[in-house]
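Bear in mind these aren't lab numbers, they're just calculated from the coordinates by the rules spelled out. Predicted model only: the values in this text are computed from it and were never measured. When we count neighbours, we look across all protein chains shown, and the Cβ atoms used for this are built from the backbone with ideal geometry, even at glycine.
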């Protein structure tokens, strides 16, 4: 459902029920950002650089676990988060690069699913801290995502639901993968 969900869970129990019915629920489109050709370079740089950062964080997480600095539950949750984010940023980077090399005409439609809505705003905020010259652009994109999420309801309700869905999916990824 574009720019919204049919149901907005507010508990892990409700989220698990949605996943029981459809293990891929988090991958259904929630909103679309239209990336103009002049902004594609930013998105390609961001997705490449932040994907690299996620890779390094995943490696650091692994080493911390191997050295007994974090427990298995923390390690697994962080590993799944980093890898899901890395997969999505890689997909975005590759599709944008292909779009740019094919035609780069019009705007690129970035169809964001639940995990994108969960990860991308946070990544952009962190990216802006590392690149102060990009702070305004990152802030505008985050605001655009918030505006789109609040088109048919309250942002707070949707943000909470997105967090519940993403966290539940990440915690139960192994079970859900076996279910599909």
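Using just the helices of the chain, give the 222 nm mean residue ellipticity in deg cm²/dmol: DSSP H runs with n ≥ 4 each add -39,500 (n - 2.57), and the total is spread over all residues, rounded to 500.
Calculated from helices alone, the mean residue ellipticity at 222 nm is -24000 deg cm²/dmol.
Listing 142, 164, 26 from the residue with the fewest other Cβ atoms within 10 Å to the one with the most, what is the order?
Taking fewest neighbouring Cβ atoms as first place, the list is 142, 164, 26.
Rounded to the nearest 0.05, what FRET efficiency do residue 95 and residue 38 give with R0 = 30 Å and r taken as the Cβ-Cβ distance? Could you check?
Efficiency for this residue pair is about 0.95.
What label, among [x] 10.2; [y] 11.2; [z] 20.2, belongs to mean projected area of the Cα convex hull in nm² computed from the structure on display?
Checked against the structure: label [y].
Contact order normalised by length for the chain, with contacts defined as Cα pairs under 8 Å and 6 or more residues apart; what percent is it?
Over the chain, the number comes to 36 percent.
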